[in-house]
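One structure below.
Please treat every number below as a calculation from the coordinates, not as lab data. All of these numbers come straight from a predicted model, not from anything done at the bench. Quick reminder, even Gly has a Cβ in these numbers, built from the backbone with ideal geometry, and neighbours come from all protein chains shown.
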Amino acid sequence: MSDKELIRKEVASAFKLRTLYFKKKDALEYIVSALSGKDEQYRQRSIEILLNYLAKQNLTSAFLEIKTVASAVDICLRGTYFESDNLLQIIDVFDAPCIAYSEELRKLVEVPKTSAYLSRSDDLSVALRRRYKLVQQRVARTEGSNFSTFHTIEALLGNAKRMSAISILATFHQFEGKKFFATDLTGTMEVDITNATYADGLFFESGLYIFTGTYDHYLFLVDHVRLPTIESSKATREKFGRENLFGGSNPIAACFLTDLRVACLRQVDAKIAILSDVFLDRNDVLRALHKLIMGFATCPPSAFIFIGNFCSRPEYNKSDELIYEGFKKLARVLDLQKAFYANTDWIFVPGPEDPGLSQVLPRPGMDQEYFDLLSEIPNVSFVTNPVRLQYANQEISICRADLIDKMCRNPIHVPESTPQIAANFCKTICSLGHMCPLPNSLQPIAFSLDHSLYMYPLPDLVIVADKFEKFIGEESGCIVANPGSFSRSNFDFYVYYPANRKVEQSYIDLDA
């Protein structure tokens, strides 16, 4: 059987299983030509992507015409999907896909998600199991031959012999005074970390780590603790294929869309300005914003991202009124310059102290009353926290939460110097594949929406807006940046240039 005959048979069989047929032979041949010369694994993935894409279309017949097939192939396999002239797409995390690792299929799959914001009784256990399995499958691949030294806690507790130089993948917990315990999907076991050494990273309760040491009669004597190996987005995609796991309208991942990649490289001057802690109740902040907006008028950014908190006195019982008045003043500033910013997006991300729901993540965007104040300004969006953006072929995640302070509040182990803390924070969230891997007592999460905080596959850029000092780091191709506080500093902010994937620091000098 020739190559083309084999591909023809594979395609026809797979489509028939989904009760899809080809009206004429040319439709089948279009797919065959696109898959010719590819290996079997690529063909199987591509066929599945095509079928999943077609399943989401409003097909009027089970018999596919060449026009429908050609469009699907061009979008899914040739990366020529370009929906509009606007390269920026805002992805509400409440609409983000919920992904999980399927042990049966050995792949990442999209699973049904609940629309409820309030968690059900089993949401916590489901969320933690999904987190664990996402990391576990990565560890199994990246550890290679070393994975043979890994054991489950259940297997160790059932063993009466002393075992040395073994590893477990487990979360860290402290109970009963100063006793520490490790937990995986099979059980819980006491660990002794008295003589443990630590690799780079931040180590805190509920974090998922690799423990290496000796098992002896229901006690694990830990020699070394380290983070799971970080995997680049490219490596993840090579394993799991081209499907879009980030969110948005594209059926395949943005990084595979040739048109968007070319468009991004052509927009060499395109930029995104990012400001955090924009206290609109302070006159000096409003003056700084006025100067900023006037300064960018000749070369407008693709987007301004204003991140809360939006009030310097959130504890004040009339802070809502202060923010409302602040947005009114900002609206006047923007209205004066809106002619220069017709194609700029204005994105507002709520902070933990801003009006709205509690500090539970993820949280919805701010109330409609603030949007109404800016209704005359084009392209204004009050988004969720966290929020996802797709700029051309790049994926950007943004979250406003004081995570570093919380991770260092009751640590098991953290570096002593501030620069090390920033670098190790970047390693930790990229390793765990989650923006907020903290215990729920430190940062409450709506576990029914835990997937909205995933960082897997790793995005191109992660903005962690934190009151900790500003920093820029990079891990396995993922840039992690904290712009710091705009209002508490010299009006510092960051500018991101997608074409060359660079983040630059800038500031506003009111005296200049």
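What do you get for GluC sites (Glu not before Pro) in the range 269-335 restricted to DSSP loop and a cutoff of at most 12 other Cβ within 10 Å of the site's Cβ?
Glu315
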query = Could you work out Rg/(2.2 N^0.38 Å) for the chain, with Rg from alpha carbons only?
reply = 1.06
Rough spin-label spacing in nm, given labels placed 7 Å along Cα→Cβ, for Cys299 and Thr197 = 4.9 nm
query = Could you give the nm distance between label points at Arg332 and Lys23, where each point is 7 Å from its Cα heading toward the beta carbon?
reply = 6.1 nm
note = Residues other than Thr194 with Cβ under 13 Å of its Cβ, Lys/Arg counted +1 and Asp/Glu -1, net out at -1
Sparse-neighbourhood loop sites, GluC sites (Glu not before Pro) in the range 113-190 - DSSP loop, at most 14 other Cβ within 10 angstrom = Glu176
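Where in the chain are the DSSP H helices whose alpha-carbon span along the long axis reaches 20 Å or more and whose Kyte-Doolittle mean is at least 0.5?
418-432
Could you compute the longest span of the chain free of chymotrypsin sites (Phe, Trp or Tyr not before Pro) located in DSSP loops and having at most 13 other Cβ atoms within 10 Å, not counting the site residues?
Counting only loop sites that pass the neighbour cut-off, the longest clear stretch is 1-217.
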note = The extension gain from Ser61 to His217, computed as 0.36 nm times the residue separation minus the Cα-Cα distance, is 49.7 nm
task = Could you pull out the GluC sites (Glu not before Pro) across the range 413-512 that fall in loop regions by DSSP (anything but H, G, I, E, B) with no more than 11 other Cβ atoms inside 10 Å?
result = Glu416
query = For the chain, what is the relative contact order in percent, using Cα pairs closer than 8 Å and at least 6 residues apart in sequence?
reply = 16 percent
task = First measure r as the distance between the Cβ atoms of Lys234 and Leu157, then evaluate 1/(1 + (r/R0)^6) with R0 = 35 Å and state the FRET efficiency to the nearest 0.05.
result = 0.35
